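**Q** First the structure, which I've put down as structure tokens, then a few questions once you've had a look.
We did not get these values from a lab; they are worked out from the coordinates using the rules stated. Computed from a predicted model, the values in this text were never measured in an experiment. Here the Cβ positions follow ideal geometry from the backbone for every residue, glycine too, while neighbour counts run over all protein chains shown.
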Amino acid sequence: MNPHRWSQESYITAYKFAAAAHQGQTIPGTPLPYIMHLSFVSMEIIAALSEERGRDETLAIQSALLHDILEDTPTPYEQVAAQFGQAVADGVLALTKNAALPKSEQMADSLHRIRQQPPEIGMVKLADRITNLQAPPPHWPADKIRSYQEEAITIYAALKHSSPYLAARLWYKIDVYQNYIKAN
Ligand code: NI
């Protein structure tokens with residue numbers, strides 16, 4: 001048996017850990033619990049893993065469920081490393097924006113660090129932006145919607161090698177997102 005194949009148990013362990021850490025948080029602009037975002041990102045990963053074999057599936061799925069835990073909760077890196085191993089903790093750290101940098105540099109810095117990680121971590125970033133390219137909040141001005149799409153194209157270009165399946169899906173979502181730009 002391949003230890004890198006994902007298991008229901010490794011999913012449940014990471015999901016519970018994330019649910020507890022993000023408890024009380026909601027999806028911005030909605031009353032929906034934040035865990036929904038993590039569920040969607042991990043769902044995108046599972047769909048990709050069924051098409052692309054040979055991945056460290058446990059690394060991909062646990063990193064997906066935990067990808068916002070260092071950025072958005074007080075959970076320390078050491079605790080993630082102790083519970084899920086250093087590969088997951090390092091991956092999540094790469095997916096975490098460095099708040100000490102100017103906001104305009106944070107995405108490029110994170111993408112640079114993600115590219116130094118195994119491809120499973122790039123998959124999580126692709127899945128994250130796929131999930132976030134839903135209808136933008138009504139209060140977003142047109143230029144913000146446009147720059148969010150441009151940022152998605154930057155993510156696509158930087159990480160498409162990590163998963164052709166997710167890259168194609170992200171490109172589709174970028175294309176559909178164009179409708180929200182025209183509508184403004
Ligand atoms: Ni996210």
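**Q** Given an 8 Å cut-off on Cα distances and at least 6 residues of separation, report the relative contact order of the stretch 8-183 as a percent. Write out the running numbers ahead of the final one.
**A** Numbers: 203 pairs, mean separation 35.4, N = 176.
Relative contact order, the stretch 8-183: 20 percent.
**Q** Another question, if that's okay. Which of P33, Q149, Q8 sits farthest toward the positive end of the charge dipole of the chain, with +1 on the Cβ of Lys and Arg and -1 on the Cβ of Asp and Glu?
**A** Value computed over the given set: Q149.
**Q** By its C-alpha gyration tensor, with a ≥ b ≥ c as the square roots of the eigenvalues, how is the stretch 40-150 shaped: rounded for a/c under 1.5, else prolate for a/b larger than b/c, else oblate?
**A** On the way: a/c = 1.89, a/b = 1.29, b/c = 1.47.
Oblate is the answer for the stretch 40-150, as a/c is 1.5 or above yet b/c matches or exceeds a/b.
**Q** What size of dipole, in debye to the nearest 20, comes out for the chain about its Cα centre when the only charges are +1 on Lys and Arg C-beta atoms and -1 on Asp and Glu C-beta atoms? Write down the numbers at each step before the final one.
**A** Numbers: 16 positive and 19 negative charges, 75 e Å.
Dipole magnitude for the chain comes out near 360 debye.
**Q** Further, regarding this structure: Quick query: amide H of T26 versus all other amide H atoms, modeled in the peptide plane; which residues come in under 5 Å with a sequence gap of 5 or more or a different chain?
**A** Those lying under 5 Å, H to H, from T26 are Y34.
**Q** Once phi is turned into ³J(HN,Hα) by the Karplus curve 6.51 cos²θ - 1.76 cosθ + 1.60 with θ = phi - 60°, what whole-Hz value does each residue of the stretch 165-177 show in order, with x for glycine and proline?
**A** Along the stretch 165-177, the couplings run 5, 6, 4, 5, 5, 5, 4, 4, 5, 4, 5, 5, 4 Hz.
**Q** Taking the alpha-carbon centroid of each part, what is the distance from the stretch 1-69 to the stretch 127-184 in angstrom?
**A** First find each Cα centre; the distance between them is then 20 Å.
**Q** Measure up K103/K144; K144/K173; K97/K182; K144/K182 against 22 Å on the Cα-Cα distance and list the ones that go over. All intermediate terms of the calculation are to be shown ahead of the outcome.
**A** On the way: K103/K144 14 Å; K144/K173 17 Å; K97/K182 30 Å; K144/K182 13 Å.
Over 22 Å Cα-Cα: K97/K182.
**Q** Which one of M107, Q62, P119 has its Cα pushed farthest toward the positive end of the charge dipole of the stretch 8-183, where Lys and Arg give +1 and Asp and Glu give -1 at the Cβ?
**A** M107
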